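The values are calculated or read from the model by the stated rules, or taken from the named source; none is laboratory data. Remember, predicted model here, so these are calculated numbers, not experimental data. Cβ placement follows ideal geometry from the backbone for every residue including glycine, while neighbour counts extend to all protein chains displayed. When the accessible area is computed, the model is the full protein with side chains, heavy atoms only, and any ligands, DNA or RNA have been set aside. Shrake-Rupley method; radii C 1.70, N 1.55, O 1.52, S 1.80 Å.
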Amino acid sequence: MTGKDLDQAVQPLSILIIDDEANIRKTLSMCLEAEGYKIVAVSNFQDALQEASRTSFDLAFLDLRLGTDDGLDLIPSLLTATPWIKIIVITAYASIDTAVEAMRRGASDYIPKPFTPAQVRMAVRKAFEIQKLEHRVTVLEEDLERSRPEIDFSSKSPVMQKAIDLAHRAAPSHATILLRGESGTGKTVLARSIHSWSDRTNKPFGVVSCPSFSSELLESELFGHAKGAFTGAVRDNPGRIASCENGTLFLDEIGDLPLSLQPKLLRFVQDKEYERVGDYITRKANIRIIAATNMDLEQAVTDGRFREDLFYRLNVIQIEIPPLRERPDDIVALAKKLLAFYGRINHRSFLDFTDEALLLLKQYRWPGNMRELNNIIERTAILCQSTFVGIESLPANLSPGNAAPGIGDPIALDKIEEQHIRRVLGTAKSLQEAAGILGVDQATLWRRRKKYGI
């Protein structure tokens, strides 16, 4: 890709040259102007700051020796004026120490004098390719934010208010947190929010769903493995713990963690030490653990399915998230916000729910909690043909007269199975999780869905 191609891809492409040698300024200007870039060249610290204050530059070539001034001191000021600027440091006094310090202060590249036009063009091309990728990531992140409902923890429920308040107070600490609540109550969303409220917010946030892996694969997923550790291990895998260094690791459905792995996790939670599968090197990691479960862990401890010492290590700060049926005053507000959101992304305009529809939403028991509410409102926003959402636009199972059959009701087994599968699919995060809850493999679940037209 030529400089002119890049000029069309990222607009505008303007470059600031800061060097106290006139011949360097002239040579760089001629080289870069030939590539189609807009060039401004200055000789000193003050002129550089003045130009940066009135023009948004995409790139800067910065000499580290500017008379009596140190070019390193200019890097933070340029980044403050234009946060997305790429800074390439140039100097005749090249050393590893100055390169490291320049990068630490925010420079993106480093080339020593004397340099060739080819080196300059390569450095510019590399800087703009990085800038293009950063712009693309920003756009994708914005698209992703627009594609999911805004997180809203406002609540009229005292129990929910207490949970959110506790999460806010716990977030700045490094303590392990245990989130408890039924499936679909928003444990993953709250875990992400705790991470964003902490001083680790700019570091990685990783998620591991414990029921999604076999014991062997879960160990590798968490702790990593060495090449050749087992059949199929064709390369080293650092594991989620290593990839979340200085960040947060969320262990979803921790109650399903196999007993064989619990001692290894206990050791990591206590000492922050672990070994990869097939490797004898002891490693350390600085990460915060947030775990979640919908299981009665105390009963699991009594039954011998969960280690008591691990339970106490995880249960430093416990946050209980109430089910949606215990937050009846929140249901209407949540439903209206979701309807506005899904209406917007589906290019639909809704005025409101009818009074009958709102009453139905409030009276429903919501076994799938927030996940079920989200799914139902998304479906409604797609299928409803009116500007007002009435009961005819809501799923039939929300009506008390069409409630799911119970055990012992005079009804065929197939009907009970169909309703149960529908409920599980409505609350599970994936088909794999749904199959696990139902106790069947995914092929069997596929056949059942085909049979019932789900």
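At full extension, SER56 and SER196 could sit 47.4 nm farther apart than now, given 0.36 nm per residue minus the alpha carbon distance. Peptides 436-444, 215-223 ordered by packing proxy, namely the average of other Cβ atoms within 10 Å per residue, highest first: 215-223, 436-444.
Among ILE18, CYS31, THR68, whose Cα projects farthest towards the positive end of the dipole of the chain, with charges put on the beta-carbon of Lys, Arg (+1) and Asp, Glu (-1)? Value: CYS31.
By the helix-only formula, in which each DSSP H run with n ≥ 4 contributes -39500 (n - 2.57) and the sum is divided by residues, the chain has a 222 nm mean residue ellipticity of -14500 deg cm²/dmol. Between ARG169 and THR80, the simple label model (points 7 Å from Cα in the Cβ direction) yields a spacing of 3.8 nm. For the chain, the solvent-accessible area with a 1.4 angstrom probe is 52 square angstrom per residue.
Pairs of lysine residues in the range 159-303 that meet both criteria, 8 or more places apart or on different chains and Cα atoms under 18 Å apart, total 6.
Annotation: extensible slack from SER215 through LEU359 equals 47.3 nm (criterion: 0.36 nm per residue apart, minus Cα-Cα distance).
Here LYS362 is the anchor, and the aspartates and glutamates within straight C-alpha reach of less than 14 Å, apart from those fewer than 8 places off in the same chain, are GLU326, ASP329, ASP330, GLU372.
Couplings for the range 425-430, taken from phi via the Karplus curve 6.51 cos²θ - 1.76 cosθ + 1.60 with θ = phi - 60°, read 4, x, 10, 6, 7, 7 Hz in order; Gly and Pro are left as x. For the range 292-441, the share of accessible area belonging to carbon and sulfur comes to 53 percent (1.4 Å probe, ligands and nucleic acids excluded). The loop-placed chymotrypsin sites (Phe, Trp or Tyr not before Pro) in the range 230-295, going by DSSP, that have at most 15 neighbouring Cβ atoms within 10 Å of their Cβ come out as PHE230, TYR280. Using a/c under 1.5 as the rounded threshold, could you call the chain rounded, prolate or oblate? The axes a ≥ b ≥ c are square roots of the C-alpha gyration tensor eigenvalues, and prolate needs a/b larger than b/c, oblate otherwise. Here the chain falls in the prolate category. Summed over all non-identical Cα pairs, the Kirkwood treatment of the range 233-324 gives a radius of 14.5 Å. To the nearest 10 degrees, how steeply does helix 369-383 sit against the main Cα axis of the chain, on a 0 to 90 scale? Once rounded, the angle reads 80 degrees.
If a spin label sat at a point 7 angstrom from the Cα of LEU413 along the line to its beta carbon, the backbone N atoms of the range 425-446 nearer than 18 Å would be those of 438-441, 444-445. The relative contact order of the range 289-362 comes to 23 percent, based on Cα pairs under 8 Å that sit 6 or more residues apart.
Mind pulling the angle between the C-alpha long axis of helix 442-452 and the longest principal axis of the chain? Nearest 10 degrees, somewhere in 0 to 90. Between helix and principal axis, roughly 60 degrees. Entry note, the chain: relative contact order of 11 percent, from Cα contacts under 8 Å with a spacing of 6+ residues. Of the accessible area of the range 204-259, with the probe set at 1.4 angstrom, what percent is carbon plus sulfur? Heavy-atom surface of the range 204-259 belonging to carbon and sulfur, 1.4 Å probe: 52 percent. Along the positive direction of the dipole of the range 271-402 (beta-carbon charges: Lys, Arg +1; Asp, Glu -1; about the Cα centre), which of ALA357, LEU394, TYR342 reaches farthest? With unit charges placed on the Cβ atoms, the residue in question is TYR342.
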